[in-house]
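Below is one structure, written out as structure tokens; the observations come after it.
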Amino acid sequence: MVFIGGSLTLFALRAPGMKTGSLFAPISREGALVFNNLFLTTAAATVLVGTLWPLVLEAFDGSKISVGAPFFNLTFGPLMIPLLLAVPLGPLLSWKRSDLMGVVQRLYFVAGAALLVGVIVLAYNSGGNVLAALGLGLAAWVILGAFAEIWARSGLPSVSVSVAIARIAGMPRSGWGTAAGHFGLGLTLLGIVSVSAFQQEVIRQVQPGDTISIAGYDLRFEGVSPNKGSNFVEDVVTFVVTGNNVTEHRLMPAKRVYTTRRMPTTEAAIETYWFSQLYVSLGEVAKDGSVTARIWWKPFVTLIWLGAMVMAFGGIVSLSDRRLRVGAPKPSRNKIKVASANA
Amino acid sequence: MRRLLAIVFLVLLAVPAFAVQPDEVLDNPALESRARALSAELRCMVCQNQSIDDSDASLARDLRVLVRERLVAGDSDEQVLDYLVSRYGEFVLLKPRLSIRNLVLWATPVALLILAGLAFIAWQRSRPANSKIAVLSKDEEERIAALLDRKD
């Protein structure tokens, strides 16, 4: 209460001093920031209402409803699409007043490449989900678009390479931060779309010697062997992975029981191949040595986390920009006077 | 924003515990994929906001089997959902239906976006200085053009 009330009071006291001095046209960098905040705030509000509405409803008439992943996919997802479409445009817009057509023209190449990606996916994945092609096209748009500002600043191809390099080297760090942030966002998007569209799953009961094929990998079930740890006993299941240039790689998920607490757990086995992962989880281990296995192939799943790291890195680079390092500017005396006069 | 995204990604991608068992899987792949899609929209009543597709609880298993039985009996997706709602109430749906009671839930994103957008437009309009950003006079335009020409 003290903190929230205090900060609100402070805001109320100082608000009249916050004269918005700047004017800007709707199509401008400021306009893009407003657009950005509009959609992100709405998305945040959607999550808030989705979380609280079941509680509110129960308090009012005692009826219980559930709000889960399908609701958020249907509301949060569409909110992100205009935002993602606008991401590459943002850094290219100039402050105060900008020319949308001029910015779009600079992105012709990126748009063409993104369309090409979409068409290729559609062709290879014919009969599959159209959303996959749209999603990957969008990811290409964001990823390539992240570098559009650097490309534009370099002046290529109308200047020599050495001039271009000098120009790029002289770019403010906030520009690099923006590029890294947007690139990371694109990577995360690529990961999400790939996993949701191309994830594969096999659920099967296997006998020793059986082979499960998934996404070009063959997993041969070798057998179950008991093992004893310091405070648990486990049945270790061995799968040998071959295929896709992998030679005899062992995946060993296990069913474990912590003896003192009588707590059974399942230890999944995860192996990362490039940016994708093979994930093996176990169901029942039967007496006859057969095992129920659930195996996922999650393409580009690690990009989701890697993208977030790149975004964080972009933020750090941006914060290290010289203009931000010198510290916050002092408030002008006028504003303080206005505030105290109002107090 | 990053944290928000991260939370949503976690919700979207939470790796389920061992759920669907091989003996539940239907022989007809079209029916099975419909069953999986439906299962992802149905709540396991005894779990913490898990779908029956993700849960290894025995109740979730019973519901999965029930969904498959209804599908095999020839029900449409909507009929299966109606059947479950009639027995377990709307609590079983992870995506609440659009109704008067849930209007706030469904309308908030749309309404907020429209209202905030209108507010921004109104705010832009309300500032007189914005509407009369000085346009260059013909004379000034010509002088600029002349200057630009000379530079080239």
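Structural remarks
- When we screen A:Trp95, A:Trp141 for residues that are in contact with a Pro (Cβ under 9 Å, 6 or more places away or on another chain), more than 23 Å from B:Ala40 (Cα to Cα) and more than 9 Å from every other protein chain (Cβ to nearest Cβ), the only hit is A:Trp141.
- Taking the criterion of being of a type in the set (Ser, Thr, Tyr) and either buried (at least 17 other Cβ atoms within 10 Å of the Cβ) or within 24 Å of A:Phe313 (Cα to Cα) (or both), the residues of region A:176-219 that qualify are A:Thr178, A:Thr188, A:Ser194, A:Tyr217.
- Residue selected from region A:55-73 under the condition out of contact with any helix residue (DSSP H, G or I) (no Cβ under 9 Å at 6 or more places or on another chain) and in a helix (DSSP H, G or I), by the criterion surrounded by the most Cβ atoms within 10 Å (Cβ to Cβ): A:Pro70
Conditions (1) surrounded by 21 or more Cβ atoms within 10 Å (Cβ to Cβ); (2) within 11 Å of another protein chain (Cβ to nearest Cβ); (3) of a type outside the set (Ser, Thr, Tyr); (4) assigned to a loop (DSSP other than H, G, I, E, B), marked per residue:
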{"position": "B:Val46", "(1), (2), (3), (4)": "no, no, yes, yes"}
{"position": "B:Leu63", "(1), (2), (3), (4)": "yes, no, yes, no"}
{"position": "B:Val80", "(1), (2), (3), (4)": "yes, no, yes, no"}
{"position": "B:Ser86", "(1), (2), (3), (4)": "no, no, no, no"}
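- A:Glu222 meets the conditions (1) farther than 16 Å from A:Lys287 by Cα; (2) surrounded by 13 or more Cβ atoms within 10 Å (Cβ to Cβ) in every case but one. The failed one is (1).
- Selection of first residues in region B:66-91 that are without any contact (Cβ under 8 Å) to a residue 24 or more places away in the chain and of second residues that are of a type in the set (D, E, K, R) and in a helix (DSSP H, G or I), restricted to Cβ pairs under 8 Å at least 6 apart or on distinct chains, gives the following pairs, ordered by first then second residue: B:Gln79/B:Arg70; B:Tyr83/B:Arg70.
- Odd one out for A:Val193, checked against (1) over 30 Å from B:Pro29 (Cα atoms); (2) within 14 Å of chain B (Cβ to nearest Cβ): (1)
- Looking at B:Leu98, B:Leu42, just one residue is within 13 Å of chain A (Cβ to nearest Cβ), closer than 19 Å to A:Ile65 by Cβ and loosely packed, with under 13 Cβ neighbours inside 10 Å, and that residue is B:Leu98.
- For region A:227-263, the candidate set comprises residues that are basic (Lys, Arg) and at pLDDT below 85; within that set, the residue that is surrounded by the fewest Cβ atoms within 10 Å (Cβ to Cβ) is A:Arg262.
- Some residue of region A:167-175 being part of a helix (DSSP H, G or I), buried (at least 21 other Cβ atoms within 10 Å of the Cβ) and within 26 Å of the chain's Cα centre (by Cα): no
- Selection status of B:Arg68, under 30 Å from B:Pro22 (Cβ atoms), touching a Ser or Thr at 6+ places or on another chain (Cβ under 7 Å), assigned to a helix (DSSP H, G or I) and away from every other protein chain (no Cβ under 11 Å): no
- Residues of region A:22-54 classified as hydroxyl-bearing (Ser, Thr, Tyr), farther than 22 Å from A:Ala86 by Cα and either facing chain B (nearest Cβ under 7 Å) or part of a helix (DSSP H, G or I) (or both), total: 1
- Among the residues of region B:64-99, those that are among the aliphatic types (A, V, I, L, M) and under 19 Å from the mean Cα position of the chain (by Cα) comprise B:Leu81, B:Val92, B:Leu93, B:Leu94, B:Leu98.
- Every residue from region B:48-61 that is in a helix (DSSP H, G or I), away from chain A (no Cβ under 13 Å) and farther than 20 Å from A:Phe71 by Cβ: B:Ser58, B:Leu59
- Residue that is modelled with the lowest pLDDT [pool: residues in region B:3-33 that are more than 28 Å from A:Val291 (Cβ to Cβ) and buried (at least 16 other Cβ atoms within 10 Å of the Cβ)]: B:Leu12
- Within region A:293-309, the set of residues being more than 15 Å from A:Glu271 (Cα to Cα) and within 11 Å of another protein chain (Cβ to nearest Cβ) comprises A:Ala293, A:Ile304, A:Trp305, A:Gly307, A:Ala308, A:Met309.
- When A:Gly209, A:Gly216, A:Gly283 are screened for being at pLDDT below 85, under 27 Å from B:Glu24 (Cα atoms) and of a type in the set (Gly, Ala, Ser), only A:Gly283 passes.
- Region A:255-277, subset in a strand (DSSP E or B) and within 13 Å of chain B (Cβ to nearest Cβ), residue farthest from A:Thr238 (Cα to Cα): A:Pro264
The values are calculated or read from the model by the stated rules, or taken from the named source; none is laboratory data. It should be emphasised that the depicted structure is a prediction, and the values quoted were computed from it without experimental measurement. A quick note on method: Cβ atoms are made from the backbone with ideal geometry, for glycine too, and the neighbour counts reach across all protein chains shown.
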